[in-house]
1. Of the numbered conditions (1) over 21 Å from residue 450 (Cβ atoms); (2) exposed (fewer than 13 other Cβ atoms within 10 Å of the Cβ), residue 426 satisfies every one except a single condition; which is it?
2. Are there any pairs with C-beta distances below 6 angstrom linking a residue in the stretch 24-47 that is closer than 17 Å to residue 61 by Cα to a residue that is surrounded by 14 or more Cβ atoms within 10 Å (Cβ to Cβ), with the two at least 6 apart or on different chains, and if so which?
3. Within the stretch 156-171, can you find the residues that are touching a helix residue (DSSP H, G or I) at 6+ places or on another chain (Cβ under 7 Å) and acidic (Asp, Glu)?
4. Can you run down the residue pairs with Cβ atoms below 8 Å, 6 or more apart or on separate chains, where the first is in the stretch 170-183 and β-branched (Val, Ile, Thr) and the partner is in a helix (DSSP H, G or I)?
5. Specify the residue that is farthest from residue 289 (Cα to Cα); the eligible residues are those in the stretch 453-481 that are in a strand (DSSP E or B) and in contact with a Gly (Cβ under 7 Å, 6 or more places away or on another chain).
6. Scan 102, 165, 185 and give me the residue that is modelled with pLDDT under 95 and touching a Cys at 6+ places or on another chain (Cβ under 8 Å).
7. Out of curiosity, is residue 16 surrounded by fewer than 16 Cβ atoms within 10 Å (Cβ to Cβ), of a type in the set (Val, Ile, Thr) and at pLDDT 80 or above?
8. Keeping to the stretch 453-474, report how many residues are hydrophobic (A, V, I, L, M, F, W, C) and either modelled with pLDDT of 95 or more or in contact with a helix residue (DSSP H, G or I) (Cβ under 9 Å, 6 or more places away or on another chain) (or both).
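The values are calculated or read from the model by the stated rules, or taken from the named source; none is laboratory data. Model, not experiment: these values are computed from the prediction. With ideal geometry, Cβ positions are generated from the backbone for all residues, glycine too; neighbour counts draw on all protein chains shown.
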Amino acid sequence: MDRAKGTAVLDKTFDILEAIGLSTDGLDNQQLAAQLNLPRATLYRLLALLIERGMVRRDANNKCYRLGFRYLELVRGAWMEPDLIAAASFELRALRDLTGETTYLAIRDGDQVLSLERCDGAHSRRSAASMGQRKAMYCTGQGKAILSALADEERRELVKNMALTALTPLTITDRNRLMTELDVTRVRGYAVDDEEIVLGVRCVAAPVVDSAGQVRGALSIAGPAYRLTLERLTLLGPEVTASAQRVGSQLAVKQAEARPDELQPVSSQWAFLGGHPRWSTSEKCLYWADKLGPAVFRHGGEGTKRILRTEKPIMGLELTPNGLFVALEDEYFFFDKGEVRHRTSWGFGTPTCLCCDRDGRVWAAIRMGSGQWKVGEVSRDGTLTSHWQISEAIGALCWDSPRQQLFALAPESGSVYRLRTGGEVRRFTSMPKGSGQLSGLAVDADGSVWTALSGGWSIVKFDHEGNLERMLGVPVASPTDLCFGAVDGRTLFVTSSRQAVSRQALKNAPWSGTVMSTPAGSQGAPAPLTRGPA
């Protein structure tokens with residue numbers, strides 16, 4: 001008997017939540033009592049409980065009840081994928097403004113699709129599917145778009161187990177025909193719902209796929225069939241596809257990948273201003289510098305040792321066939337077998353940064369009298385042969401030797417430039433200043449570009465097109481430079497700064513100034529290095 005009473009109370013509570021949730025303007029006491037046919041005492045008691053738990057709130061302006069923020073938090077945590085919604089919001093509005101029709105964002109839920117966001121169209125008669133409503137995949141534009149982008153085996157398995165029920169005379173219920181349409185959809189990039197779920201309503205949709213190839217959802221435009229003719233859907237399909245691709249490009253960063261504990265210090269040695277990490281393949285060790293210390297360190301199987309002190313700050317450190325190339329403010333020299341050799345004064349002023357290509361040639365950037373920045377090859381006599389000119393300060397250089405291109409970092413604007421033969425200079429990518437100051441460059445074995453965000457507690461990775469692909473949290477405020485090395489060539493080494501870090505900050509970032517690496521990086525497959533030959 002008590003169990004039956006409890007179930008009855010739950011039913012009434014859910015009835016209240018559903019009634020309030022389905023009302024766009026909220027419901028007052030009288031409307032709730034009339035709609036649910038509940039005694040006022042019971043209604044008030046349940047409402048008070050729901051308000052106390054945050055599931056319902058009372059709007060003081062019009063004295064009505066709406067869903068509470070706690071309810072929204074639970075829904076958001078379960079389904080909403082805030083990054084996806086944030087990335088899609090602009091495109092949904094743009095598609096709505098382009099067509100005047102209602103636009104939707106949906107995600108996959110098993111063998112169904114679930115509507116997450118809607119941007120209402122301009123017409124009084126328009127599509128108005130409810131948020132949170134589930135629909136079958138096989139008969140909706142969103143569902144077919146998502147199915148088309150899945151891996152072949154996964155798609156076949158899904159379609160095989162679907163019950164293809166005819167919801168309208170136009171619903172596709174033949175599996176072979178559905179698979180053929182999904183193949184066509186994959187090739188052209190968008191799916192069409194030709195009155196297959198509701199007569200008189202058509203839809204065009206495209207899948208949202210992130211840079212890792214994962215299908216994250218679908219964008220769609222839906223409206224009355226007399227306005228959305230098949231001819232018009234053919235014109236709108238590429239627009240939806242382009243919007244979905246733009247959304248997907250913003251989803252390259254997964255929050256789950258930003259793990260502050262992913263990097264660990266390689267030793268207890270720290271620097272005031274660490275930098276210039278360079279991995280020696282032949283010696284199987286890491287060289288790096290304390291730029292302000294100033295000193296050069298070597299970390300290998302025997303641990304970390306200081307191998308060189310200098311009187312002036314270290315501007316650059318590179319591995320060449322002639323030994324370590326050490327750049328100071330007014331000169332440079334080679335350090336080999338514990339000896340300083342070929343000490344030479346700069347013949348073109350003090351460079352701001354250096355790098356070494358696969359053939360051992362040293363490249364540098366320097367400011368010219370015109371305010372332009374020159375990037376070129378350092379000759380043996382200390383002069384600079386200019387190859388490129390850039391209109392802003394350059395703080396780091398890095399060769400992508402396999403692809404014969406040089407990347408240059410401009411910290412002031414947060415930009416990375418791609419430099420190619422013939423003097424070609426193109427902006428490759430950029431980061432907002434609020435992310436931190438770009439510091440250091442590295443190119444991994446796959447050709448992706450990495451840079452540290454000093455002051456931003458993180459490292460970022462860009463794909464071949466300059467799209468932000470990954471953000472990796474680090475346990476220090478100011479990572480300064482990075483390189484790849486170890487046996488596999490894929491272990492990431494990161495230097496950092498201890499300069500100007502307060503005692504209070506050191507409590508939260510005790511590894512400031514150390515060299516860190518990815519602890520599991522050496523488990524990968526061997527790959528050639530693209531920075532710093534030895």
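1. Every condition holds for residue 426 apart from (1).
2. 26/64; 26/65; 26/66; 27/20; 27/64; 27/65; 28/64
3. Within the stretch 156-171, no residue meets the criteria.
4. Listed by first residue and then by second, the contacts come to 172/178; 172/181.
5. Only one residue tops the list, namely 458.
6. 102
7. no
8. Residues of the stretch 453-474 hydrophobic (A, V, I, L, M, F, W, C): 453, 457, 459-460, 462, 468, 471-472, 474.
Checking the rest, the ones that are also either modelled with pLDDT of 95 or more or in contact with a helix residue (DSSP H, G or I) (Cβ under 9 Å, 6 or more places away or on another chain) (or both) come to 453, 460, 468, 471-472.
Result for the stretch 453-474: 5.
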